[in-house]
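The values are calculated or read from the model by the stated rules, or taken from the named source; none is laboratory data. Predicted model, so just to flag it, every value in this text is computed and none were measured. Glycine gets a Cβ as well: all are built from the backbone with ideal geometry, and neighbour counts include every protein chain shown. Side chains included, ligands, DNA and RNA excluded: accessible areas come from the protein's heavy atoms. Shrake-Rupley method; radii C 1.70, N 1.55, O 1.52, S 1.80 Å.
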Amino acid sequence: MAANVAPAALSLRGISKNFGAVAALTDVDLDVAPGEVVAVVGDNGAGKSTLVKVLAGVHRADSGRIAFGDTEVTIAGPADAHALGVATVFQDLALCENLDVVENLFLGRELRRRRLDEVTMELRSWELLRQLSARIPSVRVPVAALSGGQRQTVAIARSLLGDPRIIVLDEPTAALGVAQTTEVLNLIERLRDRGLGVVMISHNLADVRAVADRVAVLRLGRNNGFFGVAEASDEDIVAAIIGASDNVVTRRARRGKGDVSDERAADHPRHAPRAQPSPRDRRSERKDEGDE
């Protein structure tokens with residue numbers, strides 16, 4: 001288990017959230033330091049989406065403590081999260097495909113003097129995209145014409161408008177191709193280089209290893225391990241995710257190391273499961289007994 005050396009910009013302690021009789025989160029802890037990427041991983045139903053929504057202010061935690069630095073805060077709604085410097089990019093991105101890049105970036109936050117300040121918004125859009133080294137041909141192209149990676153870039157650039165301290169990315173590489181995934185992972189590294197704390201929700205361990213500094217595992221709504229990416233193996237992380245050290249990933253790793261004793265034992269006829277007779281065989285056996 002890796003220790004968090006740098007002081008945390010965001011600290012969660014004992015966060016719990018119930019929906020009726022269902023405990024979605026129970027006593028969850030999480031620390032995120034400036035300039036650090038923390039990956040939150042877990043199986044379906046582990047509580048990852050609920051944790052994202054607590055940070056975004058969509059759901060209010062039933063109990064626990066949230067602190068920025070040494071100051072304890074309350075996130076009662078999205079406006080509180082935004083004011084505290086927490087920006088969330090949800091998996092569906094929430095982009096309007098019929099609008100262009102500038103209109104999506106400033107949707108609901110348009111710059112006005114006497115009328116819309118189109119020039120300033122376009123210049124600010126290019127500035128944000130250049131900071132992220134984004135590969136977008138024009139800020140006046142409709143979002144519908146952009147690739148998945150470019151859309152993710154627009155969504156992240158929009159989150160930077162409020163000068164956040166923490167960026168939460170919910171499955172940022174889901175449903176993306178190889179080239180688009182690489183583009184988004186490079187983007188996450190640039191966010192870290194800017195000194196932002198990044199919380200990345202992901203199912204893909206290859207993506208986690210590519211950019212994350214630490215991994216926090218959730219299982220059934222609880223913490224089930226914290227790992228430094230440099231020290232932990234995939235087998236360790238998978239074992240924490242599913243709650244069992246004997247799984248297909250660990251067995252594959254043992255085969256790679258030449259330890260096949262378990263597989264040989266399982267393949268031995270003495271240990272092989274006995275085949276159960278089919279209903280047709282049972283009827284034939286009963287018929288033969290009756291004839292005797």
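A few points about this structure:
- Considering segment 125-136, the residues that are open to solvent by less than 60 Å² (accessible area, probe 1.4 Å) and in a helix (DSSP H, G or I) include one that is modelled with the highest pLDDT, namely Ser125.
- Strands (runs of 3 or more DSSP E) within segment 1-115 that include 2 or more residues of a type outside the set (A, V, I, L, M, F, W, C) and either under 22 Å from the mean Cα position of the chain (by Cα) or surrounded by fewer than 21 Cβ atoms within 10 Å (Cβ to Cβ) (or both): 10-19, 22-32, 63-68, 71-73
- Leading residue by the ranking (least open to solvent (accessible area, probe 1.4 Å)) among those in segment 187-245 that are without any contact (Cβ under 8 Å) to a residue 12 or more places away in the chain and in a loop (DSSP other than H, G, I, E, B): Ala244
- Matching residues, segment 149-186, being under 18 Å from the mean Cα position of the chain (by Cα), over 25 Å from His82 (Cα atoms) and either aromatic (Phe, Trp, Tyr) or part of a helix (DSSP H, G or I) (or both): Val178, Gln180, Thr181, Thr182, Glu183
- Any hit, segment 177-194, residues being β-branched (Val, Ile, Thr) and under 20 Å from Asn44 (Cβ atoms): no
- Residue check for Val139: surrounded by 14 or more Cβ atoms within 10 Å (Cβ to Cβ) and of a type in the set (A, V, I, L, M, F, W, C): yes
- Selection status of Glu183, surrounded by 15 or more Cβ atoms within 10 Å (Cβ to Cβ) and either free of Cβ contacts under 8 Å to residues at least 24 places away in the same chain or under 30 Å from Ala240 (Cα atoms) (or both): yes
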